[in-house]
Amino acid sequence: MPAALLALAVGAFGIGLTEFVIAGLLTEISTDLAVSIPAAGLLVTAYAISVAVGAPLLTAAGTRVPRKTMLAALMALFIAGNLTSALAPSYGVLMAGRVVAALTHGAFFGIGSVVAASLVAPNRKASAVAMMFTGLTAANVLGVPLGTALGQQLGWRATFWAVTAIGVVALIGIVVLVPARPAEPSGGLRAELRVFRRPQVWLALAITALGFGAVFGTVTYIDPIMTRVAGFGPGAVPWLLVLLGAGLFAGNLIGGRAADRRPMPALHASLAGITLVLTVFTVTAHARIPAALTLLAFGVTGFMLVPAVQTRVMDQAADAPALASAANIAAFNLGNAVAAWLGGAAIDAGLGYTAPTWIGALLAATALLLAAVTGALDRRARASRP
């Protein structure tokens, strides 16, 4: 794989870390800045909203900018946001830093996916996208536990200083390793927007939102599922998250290779796997060893979906992929937010802590149905060609 993919993966690692590590630092932030835990929790909500807003806006703003230049600019903005967070004297300034950093998230992954795919032969583009996303999975496996520990020992600001340093390394890597190419002759923003007239693009975005809603809607409630249902002690949760992260890491790489060989079967297989595993999880969650093994399988099937859906969107918007790719990242976050809300509402309604698993199974099954529809449309289009 080209060395430029390493720079993109480092950037993905930093972005993934700044998104997820905040959950482990809410108590420290709440105490230091004299705000409530729910107020500190809004730092997570604001980040997700900013991702959904920033992904299409910043990508659209850079349609005529060379992609290397745009990636470097996004990483510089990411550094500025996290530096602001590290220096924040108040809750409001910290919130501003989080919003600025989040604005770069979707555009970086969207444009970065297109750049990653362009660095390799067409039959390896899904693996290239998966390689970039290994930074995101590594952030979950290693970055979040280490970042949380750093913030607990040296103060939450130390974590943001570390993320800022990672951003600097990624920026240097992008400048040095990513090849400089002129802006793509895509016709600018109008051409990028035209791809949204295609039903297949919207179907792919819906599959992403539903499929990843199934995944992260369940991940949001892994702690109570594994402690209050499976019977693990609180001290086991970090190790269970490492187990989940190992599954995510493996699934991402497996999914990339599978999508390179047979894209649509890989998409169907990942969604079917998520549906099956979450259905099983509703039963195995009641015993520790079966729950842990199912958690690992859930991680594998969950992130097998990433390269399949990301390359699917880029394929359906091949003549203007950057904005569609960024919109797909927004769909990830929209699905995550809605599914997490559904899971919480079900728990509040007294349906139990395993409710997110069967809700996730229903979401994944719906995504699988849409994948069957999009596959049928593909076959009809091929049959109608002369």
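Would you mind stating whether Ala230 is aliphatic (A, V, I, L, M) and surrounded by 21 or more Cβ atoms within 10 Å (Cβ to Cβ)? So Ala230 fits the description; yes. Taking the numbered list (1) within 20 Å of Leu363 (Cβ to Cβ); (2) under 12 Å from the mean Cα position of the chain (by Cα) in turn, Ala326 passes all entries but (1). Go through the residues of region 259-273 one by one and say whether even a single one is surrounded by fewer than 24 Cβ atoms within 10 Å (Cβ to Cβ), touching a residue at least 60 places away in the same chain (Cβ under 8 Å) and closer than 20 Å to Val114 by Cβ. Yes.
For region 295-315, the criterion of being among the acidic types (Asp, Glu), in contact with a Pro (Cβ under 9 Å, 6 or more places away or on another chain), closer than 19 Å to Ala9 by Cβ and outside the structural domain of Val115 (by TED's automatic domain parsing) is satisfied by no residue at all. Look at (1) under 30 Å from Gly247 (Cβ atoms); (2) more than 20 Å from the chain's Cα centre (by Cα); (3) among the aliphatic types (A, V, I, L, M) and you find that Ala86 fails only one, number (1).
Residue-wise test of (1) free of Cβ contacts under 8 Å to residues at least 60 places away in the same chain; (2) farther than 21 Å from Phe108 by Cβ; (3) assigned to a helix (DSSP H, G or I).
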{"site": "Leu278", "(1), (2), (3)": "no, yes, yes"}
{"site": "Pro290", "(1), (2), (3)": "yes, yes, yes"}
{"site": "Val306", "(1), (2), (3)": "no, no, yes"}
{"site": "Thr311", "(1), (2), (3)": "no, no, yes"}
{"site": "Asp315", "(1), (2), (3)": "yes, no, yes"}
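Within region 20-39, is even one residue assigned by TED's automatic domain parsing to the domain that holds Met132, within 16 Å of the chain's Cα centre (by Cα), crowded, with 22+ Cβ neighbours inside 10 Å and modelled with pLDDT under 90? Yes, region 20-39 contains a residue that is assigned by TED's automatic domain parsing to the domain that holds Met132, within 16 Å of the chain's Cα centre (by Cα), crowded, with 22+ Cβ neighbours inside 10 Å and modelled with pLDDT under 90.
Would you mind stating whether Thr275 is of a type outside the set (A, V, I, L, M, F, W, C) and more than 22 Å from Leu363 (Cα to Cα)?
no
Applying a threshold of 6 Å to beta carbon distances and a minimum spacing of six or more residues, or different chains, the list of pairs starting in region 51-77 at a residue that is free of Cβ contacts under 8 Å to residues at least 40 places away in the same chain and ending at one that is part of a helix (DSSP H, G or I) reads Leu74/Thr104; Leu74/Ala107; Leu74/Phe108; Leu77/Thr104.
When the residues of region 151-160 are filtered to those that are buried (at least 18 other Cβ atoms within 10 Å of the Cβ) and hydrophobic (A, V, I, L, M, F, W, C), the one that is nearest to Val237 (Cα to Cα) is Trp156. Within region 147-159, one or more residues are under 17 Å from Ile79 (Cα atoms) and hydrophobic (A, V, I, L, M, F, W, C).
Applying the set (1) over 22 Å from Thr208 (Cβ atoms); (2) surrounded by 19 or more Cβ atoms within 10 Å (Cβ to Cβ) to Ala12 leaves exactly one unmet item: (1). A search for C-beta distances below 7 Å between a residue of region 107-123 that is closer than 23 Å to Leu57 by Cβ and any residue that is charged (D, E, K, R) and crowded, with 24+ Cβ neighbours inside 10 Å, counting only pairs 6+ apart in sequence or on different chains, returns Ala117/Lys125. Elements of the type helices (runs of 4 or more DSSP H) sitting completely within region 40-138 and holding at least 2 residues that are of a type in the set (Lys, Arg): these cover 67-87.
Take the conditions surrounded by fewer than 19 Cβ atoms within 10 Å (Cβ to Cβ) and without any contact (Cβ under 8 Å) to a residue 40 or more places away in the chain and apply them to Ala46. Does it pass? Spelling it out, it is not the case that Ala46 is surrounded by fewer than 19 Cβ atoms within 10 Å (Cβ to Cβ) and without any contact (Cβ under 8 Å) to a residue 40 or more places away in the chain. Of the residues Leu243, Leu205, Leu210, the single one that is at negative phi and in contact with a Ser or Thr (Cβ under 6 Å, 6 or more places away or on another chain) is Leu210.
The values are calculated or read from the model by the stated rules, or taken from the named source; none is laboratory data. Please read all numbers here as calculations on a predicted model, not as lab measurements. Using ideal geometry, Cβ is built from the backbone for each residue, glycine included, and neighbour counts are taken over all protein chains shown.
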